[in-house]
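Step one of this worksheet: look at the structure below.
The values are calculated or read from the model by the stated rules, or taken from the named source; none is laboratory data. Please read these numbers as outputs of a predicted model, since none were measured by experiment. Note that each Cβ is placed from the backbone with ideal geometry, even for glycine, and that neighbours are counted across all protein chains shown.
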């Protein structure tokens, strides 16, 4: 687990570093070249800072998502605005014309935490539910922030122009010292996630058990909240407070599509967060008046879409392919059984396609595909026009399939008290999903009455050629 | 605090005069209980009787309005290592991205210590626990792929991995298949043979006599407790399940509303 995290951290650093070392390609405009080659020191430091920020946000976001606290980050980020504005007003009132980054972020932290605390108090002492409490805190704090921002902008002697960058994110306005501050804070957050990895995992999975084992759950939650606060505050300048929540949720949610392991998910989320931030910052630098928050979120969303579609653990496409594969295997078994049973009841060599079509409710094209599959395997051949038959090898395989089906039917009738007339469909639904181990268990259970190679009689009527049913086979 | 002398000094768990309330509405009222060592104790009662709350209050998971709990003669926080808790299966998200082995290893976190990585011997201990519940083959499996019975066994293995002397289990038999139920019963008996104690919330009245030596019958208050043969009687069952005491219920509701009527 931890190895995975370390690897992820290294990858993030490598991404940042390679961005720094990137060579120019031909055909770009001079502007693009300047950004891509990172010729000036400032751009390099800013990219490193945003990259680390994205990694920290991704790692923290994974735990916040699993602890179901991710949306709290939204209330938190909106609640930072009055703090930023107040800090600016105070610093101007004190006569500092230049705004100090650290002081503004301190203000953001104070009101951000205040917002979350208000939310908890509302939930605890009124019967308001979480969503209501969140909505109230988010809008009221943000509203207060906008009002204070209006006051700040009318103050004489202060340059409040840059403050809007905190709302939408503006990496372009970052200077080296900002980036260094962000990098340091992001590094601290990442290390904290590594150090508390085990405890965070336990807290997120089973807080009740953690409490019973003596873990101070509230304190751990406070640590997690602290990390979310830290990431949010340092992310204000790059991503902006409105979209900061995206950096906490999207990479983590995307990572979940690729893995079922927590360590991998946290590491992957960090990598995706870093990549989104670096790419978004570059694009924002290239396109005039493009807020970096928007580009970062859009890049992250692109990554999310790719993960949703192709994520190996639970992506749409892999799941579709798997279902299709299962469906094909199922159709193959169905055809083998239909062939065997039609041969069994009619005793003819070769089965009419017409009877096969009627043997069960095939899906569109299913029968044809299964026929192709069996023919390709050399299990089935065309007897004459409109009739097919199993090869010798095919008959063996079909007998195996029929035996498995009949054993299941027997088992269901005998042990699960399912009526013989209903058992066919039930056996059908189950038999494709059973493992060889389960099959062995079934063989063991029924071996005495149905010794191995024999085909047990069907407990229900079988379809016969020509469409009529035979009587019940005893 | 000195316990009144009617409590048995050998008791594994001594609950004295405990009242627990959610939002001021009492859920448990004046519970007095001694659990004997080396016994399997069934905790039975209707829905809402406070069975889970009793266990959680004993583990300091929910605050007590009054009363005291002693485990092995000490406050719970001093003997945590010796007490294993098996929460209800539904209490966690089984879609969480961890493997069965990861969950069972959580039982070892107490001995691993803060911020330290999981050691090989902890994983080995977790594997031994998984073997005890017949789940060794599933160690690497993601927990969302488990059946209800397998989930329950995973939780039991986590408790076993801790190596405790007292097991508090919240409905381990709920929604499990017959094979798992047998496996859990065998496990409980093996624990008893080692001199360990288990308090098990149980719902199936048919099997109480077969599974448990002792029996606590609960419905907001302790209706009866003692050896199953003595207390598991139709009369006590009627008292436990035959409707709540209307007056007590009404009083509790008023306390919960906290306005007119009874005041605390």
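Hey, among A:219, A:274, A:270, A:238, which residue is surrounded by fewer than 24 Cβ atoms within 10 Å (Cβ to Cβ) and in the same structural domain as residue A:109 (by TED's automatic domain parsing)? Steps first, answer last, please.
Numbers: A:274 fails: surrounded by fewer than 24 Cβ atoms within 10 Å (Cβ to Cβ); A:270 fails: surrounded by fewer than 24 Cβ atoms within 10 Å (Cβ to Cβ); A:238 fails: surrounded by fewer than 24 Cβ atoms within 10 Å (Cβ to Cβ).
On inspection, the qualifying residue turns out to be A:219.
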- Please indicate, with yes or no, whether at least one residue in the range B:64-79 is out of contact with any strand residue (DSSP E or B) (no Cβ under 9 Å at 6 or more places or on another chain) and surrounded by fewer than 16 Cβ atoms within 10 Å (Cβ to Cβ). yes
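Regarding the range A:211-218, can at least one residue be identified that is within 14 Å of another protein chain (Cβ to nearest Cβ), over 22 Å from residue A:109 (Cα atoms), free of Cβ contacts under 8 Å to residues at least 60 places away in the same chain and touching a strand residue (DSSP E or B) at 6+ places or on another chain (Cβ under 6 Å)? Can you show your working first?
Going through the range A:211-218, the residues within 14 Å of another protein chain (Cβ to nearest Cβ) turn out to be A:211-218.
If we keep only those that are over 22 Å from residue A:109 (Cα atoms) as well, we get A:211-217.
Among the residues that remain, those that are also free of Cβ contacts under 8 Å to residues at least 60 places away in the same chain are: A:211-217.
Checking which are touching a strand residue (DSSP E or B) at 6+ places or on another chain (Cβ under 6 Å) leaves us with A:212.
There is at least one residue in the range A:211-218 that is within 14 Å of another protein chain (Cβ to nearest Cβ), over 22 Å from residue A:109 (Cα atoms), free of Cβ contacts under 8 Å to residues at least 60 places away in the same chain and touching a strand residue (DSSP E or B) at 6+ places or on another chain (Cβ under 6 Å).
From the list A:236, A:203, A:262, A:268, pick out the single residue that is modelled with pLDDT of 95 or more and either away from chain B (no Cβ under 14 Å) or closer than 15 Å to residue A:56 by Cα (or both).
On the way: A:236 fails: modelled with pLDDT of 95 or more; A:203 fails: either away from chain B (no Cβ under 14 Å) or closer than 15 Å to residue A:56 by Cα (or both); A:262 fails: either away from chain B (no Cβ under 14 Å) or closer than 15 Å to residue A:56 by Cα (or both).
After applying the criteria, what remains is A:268.
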- Message: Could you check the range B:161-178 and list, in sequence order, the residues that are within 14 Å of chain A (Cβ to nearest Cβ) and over 13 Å from the mean Cα position of the chain (by Cα)?
- Response: B:161, B:162, B:163, B:164, B:177, B:178
- Item | Which listed residue, of B:85, B:109, is over 21 Å from residue B:184 (Cβ atoms), within 8 Å of chain A (Cβ to nearest Cβ) and not in a loop (DSSP other than H, G, I, E, B) | B:109
- Message: Considering only residues that are within 18 Å of residue B:7 (Cα to Cα) and away from every other protein chain (no Cβ under 14 Å), which ones fall in the range B:60-79?
- Response: B:66, B:67, B:68, B:70, B:72, B:73
- Which numbered condition residue A:396 misses (of (1) in a helix (DSSP H, G or I); (2) out of contact with any strand residue (DSSP E or B) (no Cβ under 7 Å at 6 or more places or on another chain); (3) within 12 Å of residue A:334 (Cα to Cα)): (3)
- Message: Looking only at residues that are under 17 Å from residue B:164 (Cβ atoms) and within 19 Å of the chain's Cα centre (by Cα) in the range B:88-106, which one is nearest to the other protein chains (Cβ to nearest Cβ)?
- Response: B:106
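Among the residues of the range B:39-59, are any over 16 Å from the mean Cα position of the chain (by Cα) and more than 12 Å from chain A (Cβ to nearest Cβ)? So that I can check it myself, show each step before the final result.
Of the residues in the range B:39-59, the ones over 16 Å from the mean Cα position of the chain (by Cα) are none.
The answer is no; no qualifying residue exists.
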- Message: Looking at B:166, B:188, B:130, B:146, can you tell me which residue is farther than 22 Å from residue B:90 by Cβ and either crowded, with 17+ Cβ neighbours inside 10 Å or without any contact (Cβ under 8 Å) to a residue 12 or more places away in the chain (or both)?
- Response: B:166
- Message: Among the listed residues B:235, B:181, identify the single one that is modelled with pLDDT of 90 or more and either in contact with a helix residue (DSSP H, G or I) (Cβ under 7 Å, 6 or more places away or on another chain) or part of a helix (DSSP H, G or I) (or both).
- Response: B:181
- Note on the structure: Going through the range A:164-198 in order, the residues found to be in contact (Cβ under 8 Å) with a residue 24 or more places away in the chain and over 30 Å from residue A:287 (Cα atoms) are A:188, A:189, A:190, A:192, A:193, A:194, A:196, A:197
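Being under 23 Å from residue B:191 (Cα atoms) and in a loop (DSSP other than H, G, I, E, B) is the filter here, so list the residues in the range B:129-156 that pass it. Write out each step before concluding.
Restricting attention to the range B:129-156, the residues satisfying the condition of being under 23 Å from residue B:191 (Cα atoms) are B:129-139, B:148-156.
Hits for the range B:129-156 are B:133, B:134, B:135, B:139.
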- State whether one or more residues within the range A:223-232 are within 14 Å of chain B (Cβ to nearest Cβ) and either farther than 26 Å from residue A:47 by Cα or touching a strand residue (DSSP E or B) at 6+ places or on another chain (Cβ under 7 Å) (or both). yes
- Here the residues within the range A:363-382 that are at pLDDT 85 or above and either under 22 Å from residue A:430 (Cα atoms) or assigned to a helix (DSSP H, G or I) (or both) are A:366, A:367, A:368, A:369, A:370, A:371, A:372, A:373, A:374, A:375, A:376
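In the range A:417-434, what count of residues is obtained for those that are more than 16 Å from residue A:333 (Cβ to Cβ) and surrounded by 15 or more Cβ atoms within 10 Å (Cβ to Cβ)? I'd like the intermediate steps shown before the answer.
Just the residues of the range A:417-434 that are more than 16 Å from residue A:333 (Cβ to Cβ), to begin with: A:417-423.
Those left that are additionally surrounded by 15 or more Cβ atoms within 10 Å (Cβ to Cβ): A:418, A:420, A:423.
Adding up the residues that qualify gives 3.
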